[in-house]
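Read the figures in this text as sums done on the coordinates, not as results from a lab. What you see is a predicted model; the values in this text were computed from it and never measured. Positions of Cβ are backbone-derived with ideal geometry, glycine not excepted, and every protein chain shown enters the neighbour counts.
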Amino acid sequence: MGSPLFRTKNVEQSIQDTEEPEHALRKSLSALDLTVFGVGVIIGTGIFVLTGKVARENAGPAVSLAFVAAGVVCALAALCYAEFASTVPVAGSAYTFSYASLGELPAWIIGWDLVLEFALGTAVVAVGWSGYIRSLLDNAGWQVPAALGGREGATGFGFDVLAAALVLVLTAILVLGMKLSARVTSVVVAVKVAVVLLVIIAGAFFVTADNYDPFIPKSQPVEAGGSRLTAPLVQLMFGWTPYDFGVLGIFTAASVVFFAFIGFDIVATAAEETRNPQRDVPRGILGSLLICTVLYVAVSVVVTGMQNYRTLSVDAPLADAFKAVGHPWYAGVISFGAAVGLTSVCMILLLGQTRVFFAMSRDGLLPRFFSQVHPRFRTPHRPTILLGVIIAIVAGFTSLSELAELVNIGTLFAFVVVAISVIILRRTRPDLPRAFRTPWVPVLPIVSVCASLWLMLNLPAETWLRFAIWMVIGFLVYFLYGRSHSLLAQRERTATAGVAGRGGDTAG
C-alpha cells in the first residue's frame, strides 16, 4: 500500500463531490465571462507601470520582445491548465489537479501556496488602487487624512481605509453571486481595455522612428547588489552574471514583466461554475492570454516609439509619455483607467483565493464549516467573508511592496506542478475523456517546467527564503490538522473497517 501522504483523489470522486447540494456552486458562466475574467485580472499594474521600468532598465525598445517571451512561458503553462480544467472541471485549479495526480500532500502544498499568492496579490493590488484614487482625489482638491492613507511613509498610526473599503465591497459582490461579479467585471474591463486602446491608437500618431535606434541596445552586465539575499538565486548558485540590454537582457526583462501576466490561471478556478467547462474553460484561458499579449506588445511598441527608452518614466510611463509629447490631458484618462482596471484585478484575485480555500475545505483539509454554500446565492460565502475581512485588515495596516515578488514565485511554482501533473495523469488515467488535449506531451510540459524554473531562479534569494517560511507553516498545519481530517482518509478508514467487518463475519 502506498503512503497516505500521496493518496490521490480520483477524478470521478472530485466531480461527484461537486454535486452534493450543500457544497454545489451555481453554474452560470460562459466562455465570454471567463475570457473577461482573464483579461480583467491580467491587465493591471503590469501594462501601466512595468513597461517603462523594464524598457529603461533592462531591454530598451526590445521590451516588446520580453513581453512575447513571458507570454510564451505563460502559453506553455496555459495549454497544461486548459487540459486539466476541461478534464477535471472542479474549483481549486492547481490544487485540485495535483490532488488527482500527485497526491494529498503535494495538493496541500500547492493549495497553501495559492492561498498565499492570491491573498498577497489582492492586498498588494488594493494598496496600489488606493494610491491611484488618492492621486485622483488630490487632483480634484480633496485629500485623504494622513492617518487613513496607509502605512507607506506613515510616522504614527496608519490605516489605508480606501484599500480596506475596496476589499470589503468586492467581498460583498462575490457573496451575492458569480453572475453579478461577471457583470461588474465586464463593465470594468470594458473601461480598462478602452483606455489601453486609446493609448495604442492615439500614441501611434506621436511615434518617432529615431526612438527605436538601437532596438536592442548593447548588453551590460548587472553589478552585484550589496546583499547576497537581494541577488538572483541563479547568481548565488552558479555564479552566473545576469545582463541588462542585449539579447540576454530581453530574458532578464521577461522575468520582470512576467508579473504582468499573472492571473490567467485564475480562470481555471471558476471551472466548476461554468455551464460548459469542457469547451469554455480552454477558450477562456487561451483567449484571455492571447488578447493580453497582443495588447502588451502593442503598448510597449507605441510607448518606446513616443519617448526614448532612456527618458521613460518608471512610475507612470504611459501617462508621462503623453506629457512628454505635449498632451497632458491623456495622463488623467490613463490614471483613471489604471484605477478602474485594478478594481477588477483585486476582485478576481479574491475570487480565485476563495475557490481554492473552498475546495480544500470540501476535502476536509481545512474545516468543513467553510465548504457550505449560501442557500440562495450558491456561493461559498463563509470563506469569502473570512478571507475578505482578513485581507482588508492586511491591506489597511501593511506596506506590501517588498513582498510582491512572493506572488510571482507562487504562480511559477503552480505552473511547474500543473505541467508535471499533466504528464502523470496521461500515464495513470489515459481513459479519461479530455475535451482539450495539451499537444506534444510530455515534451511541451517539460519545456514549461524548465521555463518556469528558469524564471524562478532569476528571483531574489530573499523571495525564496520567505516562500520557504510560508511552506514550513503549511506543513505544520497539514500534519496538525489536515492529515487527520482529510475526507479521503476518512473514506479509506471506513472502507477498511467495512472489509475487516465482512472478514470477521465470514470467519465466524
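Numbers at a glance
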quantity	calculated
Hydrodynamic radius of the chain per Kirkwood, over alpha carbon pairs, in Å	23.6
Pairwise label distance in nanometres, residue 429 with residue 336, each label 7 Å out on the Cα-Cβ vector	4.9
Normalised contact order of the chain, rounded percent, pairs of Cα under 8 Å and 6 or more residues apart	33
Value of [θ]222 nm, deg cm²/dmol, for the chain, DSSP H segments ≥ 4, -39500 (n - 2.57) each, nearest 500	-21500 deg cm²/dmol
For the stretch 361-434 and the stretch 435-491, distance of Cα centres in Å	12
Protection-proxy order for peptides 61-68, 477-484, 204-211, each taking the mean of Cβ atoms within 10 Å per residue, highest first	61-68, 477-484, 204-211
Modelled label reach - residue 194, point 7 Å along Cα→Cβ, the stretch 330-361 residues with backbone N closer than 15 Å	333-341
0 to 90° range, to nearest 10: angle between helix 31-42 axis and the chain longest Cα axis	60
Which of 176, 351, 166, 459 has the fewest Cβ neighbours within 10 Å, and the rest in rising order	176, 459, 166, 351
Alpha carbon convex hull of the stretch 1-63, projected area averaged over orientations, nm²	9.6
Least to most buried among 29, 455, 318 (fewest other Cβ within 10 Å first)	455, 29, 318
Burial ordering of 348, 201, fewest other beta-carbon atoms within 10 Å first	201, 348
Cα-Cα P(r), the stretch 255-379, percent of pairs per 5 Å interval	2, 9, 13, 16, 16, 12, 10, 8, 7, 5, 3, 1
C-alpha long axis of helix 487-507 to longest principal axis of the chain, angle in °	10
Spin-label pair residue 475/residue 329, simplified geometry with 7 Å Cα→Cβ offset, distance in nm	6.1
FRET efficiency, residue 143 to residue 497 (Cβ-Cβ, R0 56 Å, nearest 0.05)	0.25
Using alpha-carbon coordinates, inclination of helix 329-362 to the longest axis of the chain, degrees	10
For peptides 190-196, 438-444, sequence by mean Cβ density within 10 Å, most packed first	190-196, 438-444
Cα gyration tensor shape of the stretch 412-479, rounded if a/c is under 1.5, else prolate or oblate by comparing a/b with b/c	oblate
Estimated FRET transfer efficiency (residue 369, residue 12; beta-carbon r; R0 30 Å; 0.05)	0.70
